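S.K.: Here it is: the structure, laid out below.
The values are calculated or read from the model by the stated rules, or taken from the named source; none is laboratory data. Quick caveat, the model's predicted, so the values are computed rather than measured. Cβ coordinates were reconstructed from backbone atoms using ideal geometry, including for glycine residues, and neighbour counts include every protein chain displayed. Note: accessible area is taken over every heavy atom of the protein model, side chains too, but ligands, DNA and RNA are not part of it. Shrake-Rupley method; radii C 1.70, N 1.55, O 1.52, S 1.80 Å.
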Amino acid sequence: MAEANVSHNQADYLALLRRMLLIRRSEERLSALCREGKFPGAVHLYIGQEASGVGACSVIEDRDWITSTHRGHGHFLAKGGELKRMYAEIWGKREGICKGMGGSMHVADFSKGILGANGIVGGGFAIATGAAFGAKLRGDGRVAMCFFGDGAANQGTFMESMNVSSAWQLPTIFLCENNGVSEFTISSTVTGGKLVDRAKAFMPTVIVDGNDVLAVQAAVREAVERARTGGGPSYVETTTYRIQGHLEAEDAFLGGGTYRSAEEISAWQQANRDPILRFQAFLTGEGIADAADLAAVEQSVLEEVEEAVAFAEAGEDADPELAFSLMFENQEA
Amino acid sequence: MPRRRYIQAINDALFEEMERNENVIVIGEDVELAIFGDTRGLYDRFGPNRIRNTPICEATMTGMALGATAAGFHVVLHMMFANFVYTGFDAIANQIAKMRLMTGGQIALPITIIAGYGGGGSNAAQHSDSAHPALMNLGGINVAMPSNSADAKGLLKTAIRSNNPSFLLEASARGGQMGDVPDGDHLVPFGKAAIAREGSDVTIVTVGSMVKPSLDAAKALSEEGIEAEVIDLRTVVPIDEAAILASLAKTGRLVVVDESRDRCGAGGYIAAIAADKGFASLKAPVKRVNIPNVAIPFAPIAEAAVLPDANKIAVAVRGIVSKVAA
Ligand SMILES: Cc1ncc(C[n+]2csc(CCOP(=O)(O)OP(=O)(O)O)c2C)c(N)n1
């Protein structure tokens, strides 16, 4: 783990833990409920990558923007999105954050700067760059952080967006979550060179242990400060691992094939690698929190998850008429 | 005749055509493990020089499909979901669709692009579109939309033997559907519709994913004494105008059923053919059953509200059949 942060008090540390744990437990719950067919559609879970999203979002403000991916639940929650509204969305309910129109792959809360999960891989690069352009024009010090996977980095818009961000010194933060896989393809088999070297041509870069929440926080803080003070874009790559399948129930799509070993997955779940176990060990080891503190966080997270499930299940089915009224403002489709 | 699932029939066609012609290669994201199952087993049989996973780079994949034809390959490019056709559209629309004319006919374009299309799975707006109207409007691209296993196999084999660029749009919701597939080298020509059901009161012209609900509607209508003829176009480019007009001449009434949006969709084009060349046969207005001009919503109840189904088709048919009877 990175060094303890002198400016953090116990509450700051426990807030980081709680956010990560909220993502973990809510995603685990989705995994189980998906198997029971409790909600429609597919879900791509963020389990194992919590430190990346939580560390990164902990050093930006509500007024800052993020763009997210198909694996967007963790980013949504890390940026302060409400779990019960996200669940209601995944359940296709009226109370959902997008009124049931978008579902898991499109959770967005513009009031919190969450410009949306995205079903198009690489769809966020240009959107984040555009938001950063807007911030630059206004000179208001806001920043735009683009979360994307190592797979997405092979889309051409990655380079195009880095170029614009660099040429115009925009406050864009390219936050690459490198989990080594894209769907069922091992990324190294389709990727030339190192991703970080692509970014080096345009901006300052750093690769950080993505399962160390404090290390992510420190690296992103530096990038954010640079962006806010007119220093232009940065690239931060978090090294991490996706524990779940590409999507839940991926076996149904694999037809008996495999692309990674059970040993590899379990190695990343060990106490020395799992981002939450590591952080908990750090907190107790440093005397910042004791077992009772951790248990209290766990308890409150489990309660929030159960409340969110109840909220989603009690929700009312989405309103089909919205498909017609929401296409335009003040104009029927 | 062997019974095969729709997706297996596509897989069979790929195996057979790759065996038949060593210049046939397959590229696309995750084609090796086959996320849809249609390319499964090809890697083990043919190896990395014949089938290969690409990076996620649709704009480059489509351009590469064109470039590889210069080296004598017939490229089968799998684009996964039809929405990703939009991501790779530049090379399709600006290069592939125009290259032959622009170069005075110098090149052959043996390119087959496969993509799954359509809603019904709560996959939301970015994974549920049917891209065929945009493709139809380009001019230089053939578009096959098989509705059953036999046609899926036969149309794909025809596409792979063609020197013209073709799309094979897989009806995502039909992947598991079983059907008889003729033995042997089964080829289905482009531009030749099938009469999926004979009838004398009304013609339902449809294609791909919508053939099944159209047949279901025809069955229900038959119990009410309305006999619908169902025309399965099989390809929308080229389109079998003669089959549409012949059936219209027989029934005098036309309902077009298509899983694309209403505005400038395939349905409007087919209705225009009827208005232009079949006007004398028409005893009632032409009706279209398709998707309203909206993005596909996620929630099942909202998605169902915008997708065509057997009930909506039957309602449309009754609307023009009873009007005349009254
Ligand atoms: C334009 C586009 N192409 C392909 C896909 C299908 N797809 C969804 S996720 C994915 C892999 C993404 O990998 P990565 O960016 O590394 O993110 P991860 O899944 O590892 O979080 C692919 C190919 C898509 N959704 N959009």
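S.K.: Which condition number in (1) more than 16 Å from the ligand (Cβ to nearest atom); (2) in contact (Cβ under 8 Å) with a residue 60 or more places away in the chain; (3) not acidic (Asp, Glu) is the one that A:Val43 fails?
M.R.: For A:Val43, the failing item is (1).
S.K.: Determine if segment A:1-12 includes at least one residue that is more than 12 Å from the chain's Cα centre (by Cα), open to solvent by less than 10 Å² (accessible area, probe 1.4 Å) and farther than 19 Å from A:Ala223 by Cα.
M.R.: No: zero hits.
S.K.: Then there is this: Would you please list the contacts, defined by Cβ atoms under 7 Å and residues six or more apart or on different chains, that run from a residue in segment B:203-221 that is more than 21 Å from B:Ser130 (Cα to Cα) to a residue that is of a type in the set (Ser, Thr, Tyr) and part of a helix (DSSP H, G or I)?
M.R.: Pairs found: B:Thr203/B:Ser247; B:Thr203/B:Thr251.
S.K.: Within segment A:132-210, considering only strands (runs of 3 or more DSSP E) that don't extend past its boundaries, which have at least 2 residues that are within 11 Å of chain B (Cβ to nearest Cβ)?
M.R.: A:144-149
S.K.: For A:Ile186, state whether it is under 17 Å from the mean Cα position of the chain (by Cα) and open to solvent by 20 Å² or more (accessible area, probe 1.4 Å).
M.R.: no
S.K.: Considering only segment B:63-101, how many residues are away from the ligand (no atom under 16 Å from the Cβ) and of a type in the set (Phe, Trp, Tyr)?
M.R.: Residues in segment B:63-101 being away from the ligand (no atom under 16 Å from the Cβ) and of a type in the set (Phe, Trp, Tyr): 1 in total.
S.K.: Considering (1) open to solvent by 40 Å² or more (accessible area, probe 1.4 Å); (2) more than 14 Å from every other protein chain (Cβ to nearest Cβ), say which one B:Leu14 fails and leave the rest.
M.R.: Of everything listed in (1) open to solvent by 40 Å² or more (accessible area, probe 1.4 Å); (2) more than 14 Å from every other protein chain (Cβ to nearest Cβ), B:Leu14 misses just condition (1).
S.K.: So A:Asn118 clears everything in (1) polar (S, T, N, Q); (2) outside any helix (DSSP H, G or I); (3) under 19 Å from A:Val206 (Cα atoms) except one condition, right? Which one?
M.R.: All conditions pass for A:Asn118, except number (3).
S.K.: Being surrounded by fewer than 24 Cβ atoms within 10 Å (Cβ to Cβ), within 22 Å of the chain's Cα centre (by Cα) and of a type in the set (D, E, K, R) is the filter here, so list the residues in segment B:244-261 that pass it.
M.R.: Answer for segment B:244-261, where residues must be surrounded by fewer than 24 Cβ atoms within 10 Å (Cβ to Cβ), within 22 Å of the chain's Cα centre (by Cα) and of a type in the set (D, E, K, R): just B:Arg261.
S.K.: Hey, another quick one. Identify all residues within segment A:98-120 that are among the hydrophobic types (A, V, I, L, M, F, W, C) and surrounded by 24 or more Cβ atoms within 10 Å (Cβ to Cβ); write none if there are none. Explain how you work it out, then say what you get.
M.R.: To start, the set of residues in segment A:98-120 that are among the hydrophobic types (A, V, I, L, M, F, W, C) comprises A:98, A:101, A:105, A:107-108, A:110, A:114-115, A:117, A:120.
Correct list: A:Cys98, A:Met101, A:Met105, A:Val107, A:Ile114, A:Ala117.
S.K.: Of all residues being closer than 19 Å to A:Gly53 by Cα and open to solvent by less than 30 Å² (accessible area, probe 1.4 Å) in segment A:22-42, which is nearest to the chain's Cα centre (by Cα)? Just the residue, please.
M.R.: Out of the qualifying residues, it is A:Ile23.
S.K.: Sticking with this structure for a sec: Residues in segment B:98-122 that are open to solvent by 20 Å² or more (accessible area, probe 1.4 Å) and in contact (Cβ under 8 Å) with a residue 12 or more places away in the chain: how many?
M.R.: 8
S.K.: Six or more apart or on different chains, Cβ under 9 Å: which pairs go from a residue in segment A:240-268 that's more than 13 Å from chain B (Cβ to nearest Cβ) and hydrophobic (A, V, I, L, M, F, W, C) to one that's open to solvent by less than 20 Å² (accessible area, probe 1.4 Å) and more than 12 Å from the ligand (Cβ to nearest atom)? Could you list them?
M.R.: Close Cβ pairs satisfying both conditions: A:Ile243/A:Asp274; A:Trp268/A:Asn211; A:Trp268/A:Asp274.
S.K.: Considering only residues that are more than 14 Å from the ligand (Cβ to nearest atom) and within 10 Å of another protein chain (Cβ to nearest Cβ), look in segment B:27-47 and name the one that is surrounded by the most Cβ atoms within 10 Å (Cβ to Cβ).
M.R.: Among residues in segment B:27-47 that are more than 14 Å from the ligand (Cβ to nearest atom) and within 10 Å of another protein chain (Cβ to nearest Cβ), the one surrounded by the most Cβ atoms within 10 Å (Cβ to Cβ) is B:Arg40.
S.K.: Suppose the filter is within 10 Å of chain A (Cβ to nearest Cβ), basic (Lys, Arg) and either within 16 Å of the ligand (Cβ to nearest atom) or crowded, with 17+ Cβ neighbours inside 10 Å (or both); does B:Arg52 pass it? Steps first, please.
M.R.: Working: within 10 Å of chain A (Cβ to nearest Cβ): yes; basic (Lys, Arg): yes; either within 16 Å of the ligand (Cβ to nearest atom) or crowded, with 17+ Cβ neighbours inside 10 Å (or both): yes.
Yes, satisfied.
S.K.: Could you check, for segment A:64-76, whether at least one of its residues is in contact with a Pro (Cβ under 9 Å, 6 or more places away or on another chain), closer than 22 Å to A:Arg242 by Cα and either within 16 Å of the ligand (Cβ to nearest atom) or outside any helix (DSSP H, G or I) (or both)?
M.R.: No; the residues of segment A:64-76 include none that is in contact with a Pro (Cβ under 9 Å, 6 or more places away or on another chain), closer than 22 Å to A:Arg242 by Cα and either within 16 Å of the ligand (Cβ to nearest atom) or outside any helix (DSSP H, G or I) (or both).
S.K.: Shifting gears a bit: What single numbered condition from (1) within 24 Å of A:Ala227 (Cβ to Cβ); (2) surrounded by fewer than 24 Cβ atoms within 10 Å (Cβ to Cβ); (3) touching a Phe, Trp or Tyr at 6+ places or on another chain (Cβ under 9 Å) fails to hold for A:Gln49?
M.R.: That leaves (2) as the condition not met.
S.K.: Could you give every pair whose Cβ atoms fall below 7 Å, whose first residue belongs to segment B:69-92 and is more than 12 Å from chain A (Cβ to nearest Cβ), and whose second residue is within 9 Å of the ligand (Cβ to nearest atom), counting only separations of at least 6 or pairs across chains?
M.R.: B:Met79/B:Glu58; B:Met79/B:Gly88
S.K.: Taking segment A:232-242, which residues are assigned to a loop (DSSP other than H, G, I, E, B) and within 13 Å of the ligand (Cβ to nearest atom)?
M.R.: We begin by selecting, within segment A:232-242, every residue assigned to a loop (DSSP other than H, G, I, E, B); these are A:232-233, A:240-242.
Across segment A:232-242, the qualifying residues are A:Thr240, A:Tyr241, A:Arg242.
S.K.: Could you figure out which of (1) away from the ligand (no atom under 16 Å from the Cβ); (2) surrounded by fewer than 22 Cβ atoms within 10 Å (Cβ to Cβ) isn't true of A:Leu170?
M.R.: Only one criterion is unmet by A:Leu170, namely (2).
S.K.: Is there a residue being under 21 Å from A:Arg228 (Cβ atoms) and within 16 Å of the ligand (Cβ to nearest atom) anywhere in segment A:133-144?
M.R.: For segment A:133-144, residues under 21 Å from A:Arg228 (Cβ atoms) and within 16 Å of the ligand (Cβ to nearest atom): absent.
S.K.: Now for a separate question. Filtering segment B:292-306 down to residues that are more than 7 Å from chain A (Cβ to nearest Cβ) and buried (at least 24 other Cβ atoms within 10 Å of the Cβ), which residue is nearest to the chain's Cα centre (by Cα)?
M.R.: B:Ile296
S.K.: In addition: Among the listed residues A:Glu303, A:Glu332, A:Glu313, identify the single one that is out of contact with any Phe, Trp or Tyr (no Cβ under 9 Å at 6 or more places or on another chain) and open to solvent by 40 Å² or more (accessible area, probe 1.4 Å). So that I can check it myself, show each step before the final result.
M.R.: Details: A:Glu332 fails: out of contact with any Phe, Trp or Tyr (no Cβ under 9 Å at 6 or more places or on another chain); A:Glu313 fails: out of contact with any Phe, Trp or Tyr (no Cβ under 9 Å at 6 or more places or on another chain).
Checking each option against the conditions leaves just A:Glu303.
Residue-by-condition table, conditions (1) more than 13 Å from chain B (Cβ to nearest Cβ); (2) out of contact with any Ser or Thr (no Cβ under 8 Å at 6 or more places or on another chain):
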| site | (1), (2) |
| --- | --- |
| A:Ala56 | yes, no |
| A:Trp65 | yes, yes |
| A:His70 | no, yes |
| A:His75 | yes, no |
| A:Cys98 | no, yes |
| A:Ile120 | no, no |
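S.K.: Quick check, is B:Ala173 modelled with pLDDT of 95 or more and either in the same structural domain as B:Gly88 (by TED's automatic domain parsing) or assigned to a strand (DSSP E or B) (or both)? Steps first, please.
M.R.: Values: modelled with pLDDT of 95 or more: no; either in the same structural domain as B:Gly88 (by TED's automatic domain parsing) or assigned to a strand (DSSP E or B) (or both): yes.
Against the criterion (modelled with pLDDT of 95 or more and either in the same structural domain as B:Gly88 (by TED's automatic domain parsing) or assigned to a strand (DSSP E or B) (or both)), B:Ala173 does not qualify.
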